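Asker: The structure under discussion is supplied below as structure tokens; questions concerning it will follow.
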Amino acid sequence: SKTISKCYVQVTGMTCASCVANIERNLRREDGIHSILVALMAGKAEVRYNPAVIHPAAIAELIRELGFGATVMENCGEGDGILELVVRGMTCASCVHKIESTLMKTNGVLYCSVALATNKAHIKYDPEAIGPRDVIQVIKDLGFTTSLVKKDRSASHLDHKQEIRQWKRSFVVSLVFCIPVMGLMIYMMVMDSQLSDAHAHHNMSTEEMEALHSSMVLEYQLLPGLSVMNFLSFLFCVPVQVCGGWHFYIQASRALRHRTANMDVLVVLATSIAFLYSSIILLVAMAERAKVNPVTFFDTPPMLFVFISLGRWLEHVAKGKTSEALARLISLQATEATVVTLGPDNVLLSEEQVDVELVQRGDIVKVVPGGKFPVDGRVIEGHSMVDESLITGEAMPVTKKPGSTVIAGSINQNGSLLISATHVGADTTLSQIVKLVEEAQTSKAPIQQFADKLSGYFVPFIVAVSVVTLFAWIIIGFVDFEIVEKYFLGYNKSLSAAEVIIRFAFQASITVLCIACPCSLGLA
């Protein structure tokens, strides 16, 4: 007998079932090719060939001549079937050994491991030589009961409901407290511009100006050094920092534990520093009973949190939509299949209901009118109309006759069909679509990876810049105090020069941190 080898070819450029038929039809005519099976969604062809006559590179070349891209896949292990079973009735290590040794002797089983503690068996097999039902039969013959590990058919791991809820809550909390803060800020700006206008027109003295300034309601001091404006901003800022920023803090701490700096670290850094700095400067002003109200940054955290949590919320809502579609797709899969045994002249000898996962390649499956196709296959006998709208979007039923291909999940309408299974389990078109959507969901958009990578450099850079600012101003101050005096308005004259310099340096460096907080990068 001639030896038959098997190879896998990655095929690109296939758009529909006719491309598949075209490749299969043309390659079957070639010498040395025993059989060929092409999976459209996975984009790969499995070819069994006679190595004495033809080799894989030549096969790929043949496919290329038909106008498709083709490369031979090196790791042929992809064709191995994997089976997870629950085995009941094992009592000791000798049972385990008995099952393992018997299975390993069985033709087509490549690897097998049985765990007594969990009652689970993990088996790798060659789908050409043996199928899951045969493996189960072998274990049953040894006197154990066995069943498939039930797969979770729902797309619950892709459900974003909880994240949607938490980001929505973050956003709403931040928004509620952000609006008043913004209102106060705008009011202050308007008043300030009116004051400067008044100053320009009436040439008031600075003392009168200050008197006018402090007569404004918001600048009124509740306690020495604590103005109404700052007090209200502080009150509105606390809940945002705690409720709105909670998830940011959690994620930032995780990132820091792994020694990376992502967007969350930046947001947390900027908001915490703005908040802490503003609080400390207020306390200092109160302790000193300052006449002039200090400049605070309480408006930064709420506004930052509002925008970023809105962005996260929308992102998760969008992801949730895809998951819903995916859950619907998964629900289209049939759960049972009727496998039949045929005698000569396609006479039905027997039929049994089995789990879809147990259908093997080459099985003959009967599909009754109104039933779903459990696997991809080819029609052997019968004529019918099939509704394939789930895959093709085609509302009209498609005629099927012997030799036509059928797609798992589509619905048989009026005739009974016998089909031969070509793609089963994870290889069916439907499983491949589900897998693609899952991969698309779990992977990040390239631009997102880029932003995270950038912020990895950006955070340390900004921190470094603000530290440099701090030391630069301290040095400048001690060298030439007048420069600091010129820029640092309204400081308390009773303070020592050193204290003024250090306070000014801190204010400058914190300002750098708050302003360079990559709001724009984060928001984008």
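Asker: From S520, S509, S466, which residue is outside any loop (DSSP other than H, G, I, E, B), more than 30 Å from P402 (Cα to Cα) and modelled with pLDDT under 75?
Answerer: Working: S509 fails: modelled with pLDDT under 75; S466 fails: modelled with pLDDT under 75.
Within the list S520, S509, S466, the selection yields S520.
Asker: Still on this model: Kindly list, by first and then second residue, each pair from a residue in the stretch 425-437 that is closer than 12 Å to A39 by Cα to a residue that is surrounded by 23 or more Cβ atoms within 10 Å (Cβ to Cβ) and of a type in the set (V, I, T), limited to pairs with Cβ atoms under 8 Å and residues at least 6 apart or on different chains.
Answerer: T428/V375
Asker: Among the residues in the stretch 272-293, are any over 27 Å from G225 (Cα atoms) and either part of a helix (DSSP H, G or I) or aromatic (F, W, Y) (or both)? Working first, answer last.
Answerer: Here is the first cut: in the stretch 272-293, the ones over 27 Å from G225 (Cα atoms) are none.
No; the residues of the stretch 272-293 include none that is over 27 Å from G225 (Cα atoms) and either part of a helix (DSSP H, G or I) or aromatic (F, W, Y) (or both).
Asker: Looking at T399 and the list (1) open to solvent by 70 Å² or more (accessible area, probe 1.4 Å); (2) touching a strand residue (DSSP E or B) at 6+ places or on another chain (Cβ under 7 Å); (3) touching a residue at least 24 places away in the same chain (Cβ under 8 Å), which single condition is not satisfied?
Answerer: (3)
Asker: Can you say whether V11 is part of a strand (DSSP E or B), among the aliphatic types (A, V, I, L, M), touching a Phe, Trp or Tyr at 6+ places or on another chain (Cβ under 7 Å) and assigned by the TED database to the domain that holds A121, as far as the supplied structure shows? Break it down into steps so the answer makes sense when it comes.
Answerer: On the way: part of a strand (DSSP E or B): yes; among the aliphatic types (A, V, I, L, M): yes; touching a Phe, Trp or Tyr at 6+ places or on another chain (Cβ under 7 Å): yes; assigned by the TED database to the domain that holds A121: no.
No; evaluated as a whole, the condition is false for this residue.
Asker: Buried (at least 16 other Cβ atoms within 10 Å of the Cβ), within 20 Å of S404 (Cα to Cα), hydrophobic (A, V, I, L, M, F, W, C) and at pLDDT 85 or above: which single residue out of I59, I36 fits that description?
Answerer: Details: I59 fails: within 20 Å of S404 (Cα to Cα).
Exactly one of I59, I36 is buried (at least 16 other Cβ atoms within 10 Å of the Cβ), within 20 Å of S404 (Cα to Cα), hydrophobic (A, V, I, L, M, F, W, C) and at pLDDT 85 or above, namely I36.
Asker: Have a look at K366, K401 and point out the one that is touching a His at 6+ places or on another chain (Cβ under 7 Å), among the charged types (D, E, K, R) and modelled with pLDDT of 90 or more. Outline the logic, then answer.
Answerer: Details: K366 fails: touching a His at 6+ places or on another chain (Cβ under 7 Å).
Exactly one of K366, K401 is touching a His at 6+ places or on another chain (Cβ under 7 Å), among the charged types (D, E, K, R) and modelled with pLDDT of 90 or more, namely K401.
Asker: Among (1) out of contact with any helix residue (DSSP H, G or I) (no Cβ under 8 Å at 6 or more places or on another chain); (2) surrounded by 14 or more Cβ atoms within 10 Å (Cβ to Cβ); (3) free of Cβ contacts under 8 Å to residues at least 24 places away in the same chain, where does R48 come up short?
Answerer: For R48, the failing item is (3).
Asker: Taking the stretch 368-396 as the region of interest, how many residues are free of Cβ contacts under 8 Å to residues at least 40 places away in the same chain and of a type outside the set (A, V, I, L, M, F, W, C)?
Answerer: Selection size over the stretch 368-396: 10.
Asker: On the basis of being over 36 Å from the mean Cα position of the chain (by Cα) and of a type in the set (S, T, N, Q), does T71 make the cut?
Answerer: Here the answer is no, as T71 does not meet what is asked.
Asker: Is it fair to say V339 is open to solvent by less than 50 Å² (accessible area, probe 1.4 Å), within 19 Å of G362 (Cα to Cα) and not assigned by the TED database to the domain that holds A270? Steps first, answer last, please.
Answerer: Details: open to solvent by less than 50 Å² (accessible area, probe 1.4 Å): yes; within 19 Å of G362 (Cα to Cα): yes; not assigned by the TED database to the domain that holds A270: yes.
When the stated conditions are applied, V339 passes them.
Asker: Could you check R133 against (1) under 30 Å from Y49 (Cβ atoms); (2) assigned by the TED database to the domain that holds H316; (3) among the basic types (K, R) and say which number it fails?
Answerer: All conditions pass for R133, except number (2).
Asker: Do the conditions hold for F307, that is, is it open to solvent by less than 40 Å² (accessible area, probe 1.4 Å) and not basic (K, R)? Steps first, answer last, please.
Answerer: Working: open to solvent by less than 40 Å² (accessible area, probe 1.4 Å): no; not basic (K, R): yes.
In short, no.
Asker: Can A287 be described as loosely packed, with under 14 Cβ neighbours inside 10 Å and at pLDDT 80 or above? Talk me through it step by step, then tell me what you get.
Answerer: On the way: loosely packed, with under 14 Cβ neighbours inside 10 Å: yes; at pLDDT 80 or above: yes.
Yes, satisfied.
Asker: Quickly run through the stretch 342-373 and pick out the residues that are in a strand (DSSP E or B) and open to solvent by 70 Å² or more (accessible area, probe 1.4 Å).
Answerer: Our first condition is that a residue be in a strand (DSSP E or B); within the stretch 342-373, this holds for 342, 348-355, 364-367, 372.
Correct list: L348, L349, E351, E352, Q353, K372.
Asker: To continue, here is another question. Take the residues in the stretch 8-30 that are open to solvent by less than 40 Å² (accessible area, probe 1.4 Å) and in contact with a strand residue (DSSP E or B) (Cβ under 6 Å, 6 or more places away or on another chain), then tell me which one is modelled with the lowest pLDDT.
Answerer: The initial filter retains those residues of the stretch 8-30 that are open to solvent by less than 40 Å² (accessible area, probe 1.4 Å), namely 8-9, 11, 14, 19-20, 23-24, 26-27.
Then keep just the ones that are in contact with a strand residue (DSSP E or B) (Cβ under 6 Å, 6 or more places away or on another chain); that gives 8-9, 11, 20, 23-24, 27.
Working: Y8: 87, V9: 90, V11: 90, V20: 84, I23: 90, E24: 88, L27: 91.
So the residue we want is V20.
Asker: Follow-up question, since we're still on this one. Against the conditions (1) open to solvent by less than 30 Å² (accessible area, probe 1.4 Å); (2) part of a helix (DSSP H, G or I); (3) of a type outside the set (S, T, Y); (4) in contact (Cβ under 8 Å) with a residue 24 or more places away in the chain, where does V317 fall short? Just the number, please.
Answerer: All conditions are met except number (1).
Asker: Here's a follow-up. Yes or no: I123 in a strand (DSSP E or B) and surrounded by fewer than 17 Cβ atoms within 10 Å (Cβ to Cβ)?
Answerer: Values: in a strand (DSSP E or B): yes; surrounded by fewer than 17 Cβ atoms within 10 Å (Cβ to Cβ): no.
So I123 does not fit the description; no.
Asker: Test A115 against the criterion of being aliphatic (A, V, I, L, M), more than 32 Å from the chain's Cα centre (by Cα) and surrounded by 12 or more Cβ atoms within 10 Å (Cβ to Cβ), and give yes or no.
Answerer: Details: aliphatic (A, V, I, L, M): yes; more than 32 Å from the chain's Cα centre (by Cα): yes; surrounded by 12 or more Cβ atoms within 10 Å (Cβ to Cβ): yes.
So A115 passes the test.
The values are calculated or read from the model by the stated rules, or taken from the named source; none is laboratory data. Just so we're clear, the structure is a prediction, and the values are computed from it rather than from any experiment. Cβ sites come from the backbone with ideal geometry, for glycine too, and all protein chains shown count toward neighbours. Side chains are part of the model used for accessible areas, which takes the heavy atoms of the whole protein and leaves out ligands, DNA and RNA. Shrake-Rupley method; radii C 1.70, N 1.55, O 1.52, S 1.80 Å.
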